[in-house]
Amino acid sequence: MGLWTTSLIALLAAAPAQEPRIALVVQLTIDQLGSYTLGRYQAALPDGGLKRLIARGAYYPRGIYGYANTETGPGHATLATGAWPEVHGIAGNVWYEPHSGAEINCVSDPLHGKSPQHLEVPNLADTLRVFSNGESRVVSVAIKDRASILMAGRAPTLAIWYEEKEGRFVTGRWPGHGPTPAWFQGAALSLGPKVAFGRPWARLVDDPAFYSKYAGPDDTETEERVPGLGHTFPRTLGQGLNSGDLEWWDRYRGSPAAIEDTFTLAELALEKEQLGRHATTDYLAIGVSSTDYAGHSWGTHSQEVLDLLLRVDRQVARLIQRLDRQLAGRVLYVVSADHGVMPTPEETAKLGVRTLRIPPRPLVEAMDRALADPKAPALERARTLDLDPPRVFLSPTDPKVDRTALARRAAAALAGLPGVLEAKAAADLDQFPAPYAVYFRRSYYPGRGGDLLLLHRPYELLDGVGANGIGVGTGHGSPYGYDMTVPVILAGPGVRPGRDPRPMDMTRVAPTIAALLGIDAPAAAYDPPLPALDP
């Protein structure tokens, strides 16, 4: 805990005013929904959900995550705090402790299971709690733990996520988190993979030509044959597996059932916690994680991704209708994504773009050859522990070893290899060419950002290939537009409608919400609000 946590506990604000103009903030983050993906599928969406918010609100199609490691953890932390990873500390989904080699999840907590302990600065929810004298309710719901926890902050009323190893939804247990309510215990038993097992998954729109028009064919050689989910329509959830299989519990996360369960829990929280019906503004964060699993497995041009987005849109429309009845004119909607995604290299190549899927093994072998020093004592030798583009982690060494020298040796070994434009030790990030030096610096947090970092060519993906030379699915994590650029939609009281095509840093989202609520921006957020506020 830091000084800002003490200030949260101290509850510094004066008594809140009655009936706030904005009764409820609903912040919806759709995992892997890059601007390219929304632009491709926007015409396929009906009018009642996302398109309604775009039409009635402020729409920024070019929100920019201006850093290199475009992943879920850093994205949610940036959205929540208004700071870059170099400040908020969430440099990746995972990292490795330099002198032990231990893998650290960005929301891991050895004492309490999981918590926001690695988030080094306050987020919007923390700030709202301070300014409401601790009265604002804060609820966060997502499939991914990091998507829920990083938005919820230190002292939420309730943070809910799905634990795939247990096959069930759980809540936080860290100090400051509210007690788990009885209603959640009952709800959790009626949701999840065991309940969803055996359900049909047909296209939401009963028209294969519709899906072919907007997405493409239902079966391509780059689509993963996903255990329990298959790769063509129609299918049955859990097919080929048993309801108690760990594999099914894992794969459930990318199913339509996971989306439905996420929104079911969000709507239950609205009802049971009476969100939006208090004398202070309440906050509900919803993280739609299933779209990310689908994109990784089947690619962003797949019918599966389109179908899941249509299902998200239907849930959004239902939520808007409900809140229109209960809190008409007093809800602020904020919709965005944590990062974008690259189309599969094979799809991109068909469009005439230079692209490549690069097997990572040759890169690892080149670094390990450069690091091999049989004359050095065992504790002073290093090898490649993990290549997690753009970061490379080296194995632990004796604390007296100069790891920067090792990292420079490994970086030099990558020069000229397929797909590698530049590789630099962490100490040399400023030597990357512009503008990438800025992007890499913003991504780096000491002890979490990797020993060295690499820059590959646009539309190239470090990923394994099969015997036929073709891989499946796609990924993200680069400082290129398709990974960095996401939509931002704001709709509700105080928002001036319109479309602004200019690039906008994603560090401006949290200050914008704060300004609309009439509270200070989170403490580490220094950028101004987006130009969407009514004068």
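Structure notes:
- One residue stands out among those in region 225-277 that are part of a loop (DSSP other than H, G, I, E, B) and among the acidic types (D, E): the one that is surrounded by the fewest Cβ atoms within 10 Å (Cβ to Cβ), which is D245.
- Any hit, region 57-80, residues being in the same structural domain as S302 (by TED's automatic domain parsing), among the aliphatic types (A, V, I, L, M), more than 24 Å from D527 (Cβ to Cβ) and within 14 Å of the chain's Cα centre (by Cα): no
- Condition met for L417 (of a type outside the set (V, I, T), outside any loop (DSSP other than H, G, I, E, B) and assigned by TED's automatic domain parsing to the domain that holds M367): no
- Residue in region 348-366 that is of a type in the set (V, I, T), over 17 Å from Y480 (Cβ atoms) and touching a helix residue (DSSP H, G or I) at 6+ places or on another chain (Cβ under 9 Å) present: no
- Residue match in region 141-160 (condition: crowded, with 18+ Cβ neighbours inside 10 Å, without any contact (Cβ under 8 Å) to a residue 40 or more places away in the chain, touching a helix residue (DSSP H, G or I) at 6+ places or on another chain (Cβ under 7 Å) and under 24 Å from A91 (Cα atoms)): yes
- Of the residues making up region 104-113, those that are free of Cβ contacts under 8 Å to residues at least 60 places away in the same chain and surrounded by 14 or more Cβ atoms within 10 Å (Cβ to Cβ) are N105, C106, V107, S108.
- Residue satisfying all of: in region 284-332; part of a helix (DSSP H, G or I) and among the hydroxyl-bearing types (S, T, Y); nearest to P487 (Cα to Cα) among these: T291
- Applying the set (1) outside the structural domain of A317 (by TED's automatic domain parsing); (2) surrounded by 24 or more Cβ atoms within 10 Å (Cβ to Cβ) to W95 leaves exactly one unmet item: (1).
- All positions within region 375-422 that are among the charged types (D, E, K, R), more than 30 Å from the chain's Cα centre (by Cα) and either more than 11 Å from L453 (Cα to Cα) or surrounded by fewer than 16 Cβ atoms within 10 Å (Cβ to Cβ) (or both): K375, E380, R381, D398, K400, D402, R403, R409
- Which listed residue, of V401, V335, V392, is hydrophobic (A, V, I, L, M, F, W, C), outside any helix (DSSP H, G or I), outside the structural domain of G101 (by TED's automatic domain parsing) and in contact (Cβ under 8 Å) with a residue 60 or more places away in the chain: V392
- Condition check for A524: more than 17 Å from the chain's Cα centre (by Cα) and more than 30 Å from V226 (Cβ to Cβ): yes
- Only one of the listed residues (P522, P511) is under 24 Å from V121 (Cβ atoms), in contact (Cβ under 8 Å) with a residue 24 or more places away in the chain, outside any loop (DSSP other than H, G, I, E, B) and out of contact with any strand residue (DSSP E or B) (no Cβ under 9 Å at 6 or more places or on another chain). That residue is P511.
- Unmet criterion (only one of (1) surrounded by fewer than 23 Cβ atoms within 10 Å (Cβ to Cβ); (2) over 18 Å from the mean Cα position of the chain (by Cα)) for H296: (2)
- The residues on offer are G73, G39, G92, G101, and the sole one that is under 30 Å from D402 (Cβ atoms) and either in a helix (DSSP H, G or I) or without any contact (Cβ under 8 Å) to a residue 12 or more places away in the chain (or both) is G73.
- Test set (1) buried (at least 17 other Cβ atoms within 10 Å of the Cβ); (2) under 30 Å from T157 (Cα atoms); (3) under 26 Å from the mean Cα position of the chain (by Cα) - T280 fails condition number: (3)
- The set of residues from region 174-198 being surrounded by 15 or more Cβ atoms within 10 Å (Cβ to Cβ), in contact with a strand residue (DSSP E or B) (Cβ under 9 Å, 6 or more places away or on another chain) and either outside any helix (DSSP H, G or I) or not assigned by TED's automatic domain parsing to the domain that holds Q274 (or both) comprises W174, H177, G178, T180, P181, L191, G192, F197.
The values are calculated or read from the model by the stated rules, or taken from the named source; none is laboratory data. Values in this document were obtained by computation on a predicted structure and should not be read as measured data. Cβ sites come from the backbone with ideal geometry, for glycine too, and all protein chains shown count toward neighbours.
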